[in-house]
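Here the structure is laid out as structure tokens; the discussion comes afterwards.
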Amino acid sequence: MHTTYFGNIEWYQELLATLQEYGTTGVLEDIIDNGERWQKQTERNRCIIATANGTQMLTVPVSVPTKEGNITTGDILISDHGNWRHLHWNALSSAYGMSPFFDYYADDIKPFFSEKWELLADYNLAITKKMIELLGGDDILRQKTFQKPSDKTEIKPYYQTFQKRHGFISNLSILDLLFNEGPDSVLFL
């Protein structure tokens, strides 16, 4: 699987199904492929959240090192260009500040917008580990059966803060599910 920045719900469904085959989250580093060829403009450094005005894409600025041969995802550096950490945190606070579980998870999520990582792959891995921990870690792998999403998989609708305004928006960042459903998030995966 490729790395992702606060991946979408389908990505987490696939990840959890894959981890379940191994029976542990301890193999996460082996499942995520940081040796793949770098692909621009993908969820590797982007996520989509729901806001009062519809969806918003959050993009981590990156820099590609000068290197001969293929540039891999593991080579990509996080850029400090623009005040992106502050902007992303403000966007999340604005979009989810009134959601049922934002305050509950804010202290767990905020370090990703205040601390610095050099490599995108390391940053995304830290995020993924935290998301799995917040979803229930190894315990959820033993308690629930996960299936990899298919082309026909539809995400089970859950409460969304701006649903009355925009209708249910499917397959947003895992943060949308977590901030809106909290400990019940795993039931929608």
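Here the spin labels are modelled as points 7 Å beyond Cα on the Cα-Cβ line, and at Lys156 and Ser94 they lie 3.3 nm apart. Taking the centroid of alpha carbons for each part, segment 29-100 and segment 105-161 are 14 Å apart. Taking a straight line from the alpha carbon of Lys67, these aspartates and glutamates sit under 14 Å away, with near neighbours fewer than eight places off in the same chain left out: Asp75.
Were the residues from Ser114 through Gln163 laid out at 0.36 nm apart, the gain over their Cα-Cα distance would be 14.7 nm. Accessible surface area normalised per residue over segment 93-167 is 62 Å², counting heavy atoms of protein chains with a 1.4 Å rolling probe.
Computed over the alpha-carbon pairs of the chain, the distance histogram in 5 Å steps reads 1, 8, 16, 20, 21, 16, 11, 4, 1, 0, 0 percent, short to long. The accessible surface of segment 37-105, taken with every protein chain in place and a 1.4 Å probe, is 48 percent carbon and sulfur. Taking Cα centre as origin and charging only the Cβ of basic (Lys, Arg, +1) and acidic (Asp, Glu, -1) residues, the dipole magnitude of segment 9-107 rounds to 460 debye. Note on Glu21 and Glu36: the model spin-label points, each 7 Å out from Cα along the C-beta direction, lie 1.5 nm apart. Taking packing as the residue-averaged number of other Cβ atoms within 10 angstrom, the listed peptides 33-40, 120-127 run from highest to lowest as 120-127, 33-40.
With q set to 0.10, 0.19, 0.23 Å⁻¹, the log10 of I(q)/I(0) for segment 86-189, from the Debye formula over equal scatterers at the Cα positions, is -0.31, -1.10, -1.40.
The values are calculated or read from the model by the stated rules, or taken from the named source; none is laboratory data. Since the structure is predicted, the reported quantities are computational estimates derived from the model, not experimental observations. Cβ coordinates were reconstructed from backbone atoms using ideal geometry, including for glycine residues, and neighbour counts include every protein chain displayed. Only protein heavy atoms, including side chains, enter the accessible area calculation; ligands, DNA and RNA are left aside. Shrake-Rupley method; radii C 1.70, N 1.55, O 1.52, S 1.80 Å.
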